[in-house]
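J.: Take this structure first; my questions come after.
The values are calculated or read from the model by the stated rules, or taken from the named source; none is laboratory data. Bear in mind the structure is a predicted one, so any value in this text is a computation, not a measurement. Every residue, glycine among them, receives a Cβ derived from its backbone with ideal geometry; neighbour counts consider all protein chains shown.
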Amino acid sequence: MRFKLTLQVEASTFRRRLAFDYQSDMSAMVYGIMTQSDSDYEEWLHVNGFHDYSLKFKMFTFSKLIIPDYSIDRRHNCMIINSESVEFFLSLVPERRSDAFIPNMFKGRRFRFNEESHSAQFTITQVDVVPDPVFEREMEFCTLSPVCIQHNTQVANIVMLDLLSKYRDFYGNEYKGVLKDFSFNLLNKPEDKVVVIRSEYAGASNIRASMFDFKIIAPPALLKIMYSHGLGNNNCLGFGMIAPREVPS
């Protein structure tokens, strides 16, 4: 299930400065809000088939912040948000009661990204459910956040194993459908990115990822998992969100 979250940018006491590598903060914010109420969180997990609450829930991903107007502050190595509001998409595999749980947990929450000379605070003012696309066996997608995947001659097999693994993790059994026609092809040259991910335990690490459009032939059940969970690795850190590609008429 996918949601669009609208954030008001607080300007009164904060500088509207956002570090380029904000994905670690975004991931911590999303997970922190979801788990803020232990009872609501555990009930939501329970109705979706998760019973070991000690395991960190990772079946979600999110897009980059959609900032209509910003400028670059090269002195402080960050961006300055000029827009009054920004948006991002949040996608997760569980669907039961998610249309109530996610808006109830997120709407009205205030959070801040604060790092040395960078400081930006937001309030989540609106949470909207985004209807799923119609999943067909052959589809074209674009990436809404960088994807961690190896682009080599085995990429189709890598993608297939990735989706089968995520299907098994969620449903608890192997996918039994036909896979003989599975294919994955790039539609443009990948735009490479290096994203710095920070951890209080492991410090900073560089993750290589890329943005691209692609065409895939796969069973609709696996395409739905890819859309909801994300493509490739490190989805809960904001990697691998995809959306149907708009084909020019």
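J.: What residue, of Lys189, Lys215, Lys180, is in a loop (DSSP other than H, G, I, E, B), of a type in the set (D, E, K, R), in contact with a Phe, Trp or Tyr (Cβ under 8 Å, 6 or more places away or on another chain) and farther than 28 Å from Phe50 by Cβ?
T.: Within the list Lys189, Lys215, Lys180, the selection yields Lys189.
J.: Take the conditions assigned by TED's automatic domain parsing to the domain that holds Leu65 and among the basic types (Lys, Arg) and apply them to Arg168. Does it pass?
T.: no
J.: Scan segment 122-160 residue by residue and report those that are of a type in the set (A, V, I, L, M), part of a loop (DSSP other than H, G, I, E, B) and in contact with a helix residue (DSSP H, G or I) (Cβ under 9 Å, 6 or more places away or on another chain).
T.: Val134, Ile149, listed by residue number.
J.: Same structure again: Just need a number here: residues in segment 127-170 that are under 21 Å from Ile102 (Cα atoms), of a type outside the set (Asp, Glu) and loosely packed, with under 15 Cβ neighbours inside 10 Å.
T.: Number satisfying all stated conditions: 4.
J.: Restricted to segment 71-97, and to residues that are outside any strand (DSSP E or B) and at pLDDT 90 or above, which residue is surrounded by the fewest Cβ atoms within 10 Å (Cβ to Cβ)?
T.: So, considering only residues that are outside any strand (DSSP E or B) and at pLDDT 90 or above, the one surrounded by the fewest Cβ atoms within 10 Å (Cβ to Cβ) is Glu84.
J.: Still on this structure: In segment 102-111, how many are surrounded by fewer than 21 Cβ atoms within 10 Å (Cβ to Cβ) and within 15 Å of Met59 (Cβ to Cβ)?
T.: Residues that pass the stated criteria total 0.
J.: Taking the condition within 28 Å of Pro94 (Cβ to Cβ) and among the acidic types (Asp, Glu), does Asp181 pass?
T.: For Asp181, the condition - within 28 Å of Pro94 (Cβ to Cβ) and among the acidic types (Asp, Glu) - is not met.
J.: To continue, here is another question. What is the residue count in segment 223-249 for residues that are of a type in the set (A, V, I, L, M), crowded, with 21+ Cβ neighbours inside 10 Å and in contact with a strand residue (DSSP E or B) (Cβ under 9 Å, 6 or more places away or on another chain)?
T.: 6
J.: Is at least one residue of segment 98-114 among the acidic types (Asp, Glu), assigned by TED's automatic domain parsing to the domain that holds Asn188 and at pLDDT 90 or above?
T.: Looking for residues that are among the acidic types (Asp, Glu), assigned by TED's automatic domain parsing to the domain that holds Asn188 and at pLDDT 90 or above, one finds none in segment 98-114, hence no.
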